[in-house]
1. Just to be sure I understand the filter: pairs with C-beta atoms under 7 Å, separated by 6 or more residues or on different chains, first member in the stretch 8-23 and under 11 Å from LEU51 (Cα atoms), second member among the small types (Gly, Ala, Ser) and open to solvent by less than 30 Å² (accessible area, probe 1.4 Å). Which pairs pass?
2. Just to be sure I understand the filter: pairs with C-beta atoms under 9 Å, separated by 6 or more residues or on different chains, first member in the stretch 54-66 and free of Cβ contacts under 8 Å to residues at least 12 places away in the same chain, second member open to solvent by 100 Å² or more (accessible area, probe 1.4 Å). Which pairs pass?
3. Of everything in the stretch 54-85 that's in contact with a Leu (Cβ under 6 Å, 6 or more places away or on another chain) and part of a helix (DSSP H, G or I), which residue is surrounded by the fewest Cβ atoms within 10 Å (Cβ to Cβ)?
4. Regarding the stretch 99-108, can at least one residue be identified that is among the β-branched types (Val, Ile, Thr) and loosely packed, with under 10 Cβ neighbours inside 10 Å?
5. Does at least one position in the stretch 3-13 carry a residue that is outside any helix (DSSP H, G or I), over 13 Å from the mean Cα position of the chain (by Cα) and either under 23 Å from ASN84 (Cα atoms) or modelled with pLDDT under 95 (or both)?
6. Identify, from the list ALA39, ALA88, ALA27, the residue that is in a helix (DSSP H, G or I), among the small types (Gly, Ala, Ser) and under 19 Å from GLY8 (Cα atoms).
7. Does the stretch 10-53 hold any residues that are of a type in the set (Asp, Glu) and surrounded by 16 or more Cβ atoms within 10 Å (Cβ to Cβ), and which are they?
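The values are calculated or read from the model by the stated rules, or taken from the named source; none is laboratory data. Please read all numbers here as calculations on a predicted model, not as lab measurements. Because the Cβ atoms are built from the backbone with ideal geometry, glycine has one as well, and the counts that use them run over all protein chains shown. Side chains included, ligands, DNA and RNA excluded: accessible areas come from the protein's heavy atoms. Shrake-Rupley method; radii C 1.70, N 1.55, O 1.52, S 1.80 Å.
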Amino acid sequence: MRVDAVRGHLDGLLLAVLEHGPLHGYAIITEVQQRSGGALELRTGTIYPALNRLERLGLLRSSWESIGERRRRCYRLTDAGRGNLTKARKAWDEFTATIGAVLNPSRGTA
């Protein structure tokens, strides 16, 4: 799947992956890939700037943690991030219903 397809939805994807607990960057990339059945392969050059931006916005908090022999920066949702995720899900549902109504008019409106 093209990276352009994710544009505009990356924040929601990252927030959703972090909903159940903190993860480091590579684990986030792996989780997105697994949840998408391998269709979404995010690159580090895409993910880390987005994580930093979400942290600056107060939607994530990060801390250094030791994982095995390595220290990695782990990211977790803030309360504001949880609220933003709820809004992102609602916007996604509205978006897909609207586009679906145009592409598949025989299925009716949502």
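1. The qualifying pairs are LEU10/ALA50; ASP11/ALA50; LEU14/ALA50; LEU15/GLY81.
2. Listed pairs, sorted by first residue: TRP64/ARG71.
3. So, considering only residues that are in contact with a Leu (Cβ under 6 Å, 6 or more places away or on another chain) and part of a helix (DSSP H, G or I), the one surrounded by the fewest Cβ atoms within 10 Å (Cβ to Cβ) is ALA80.
4. Step one: of the stretch 99-108, the residues among the β-branched types (Val, Ile, Thr) are 99, 102.
If we keep only those that are loosely packed, with under 10 Cβ neighbours inside 10 Å as well, we get 102.
For the stretch 99-108, residues among the β-branched types (Val, Ile, Thr) and loosely packed, with under 10 Cβ neighbours inside 10 Å: present.
5. Narrowing the stretch 3-13 to residues outside any helix (DSSP H, G or I): 6-9.
If we keep only those that are over 13 Å from the mean Cα position of the chain (by Cα) too, we end up with none.
No, there is no match, as no residue in the stretch 3-13 is outside any helix (DSSP H, G or I), over 13 Å from the mean Cα position of the chain (by Cα) and either under 23 Å from ASN84 (Cα atoms) or modelled with pLDDT under 95 (or both).
6. Working: ALA39 fails: in a helix (DSSP H, G or I); ALA27 fails: under 19 Å from GLY8 (Cα atoms).
Exactly one of ALA39, ALA88, ALA27 is in a helix (DSSP H, G or I), among the small types (Gly, Ala, Ser) and under 19 Å from GLY8 (Cα atoms), namely ALA88.
7. First, the residues of the stretch 10-53 that are of a type in the set (Asp, Glu): 11, 19, 31, 41.
Passing the criteria: ASP11, GLU31.
Condition check ((1) at pLDDT below 95; (2) out of contact with any Gly (no Cβ under 8 Å at 6 or more places or on another chain)) across all residues:
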position: THR30; (1), (2): no, yes
position: GLU41; (1), (2): yes, yes
position: SER62; (1), (2): no, yes
position: GLY68; (1), (2): yes, yes
position: ARG72; (1), (2): yes, no
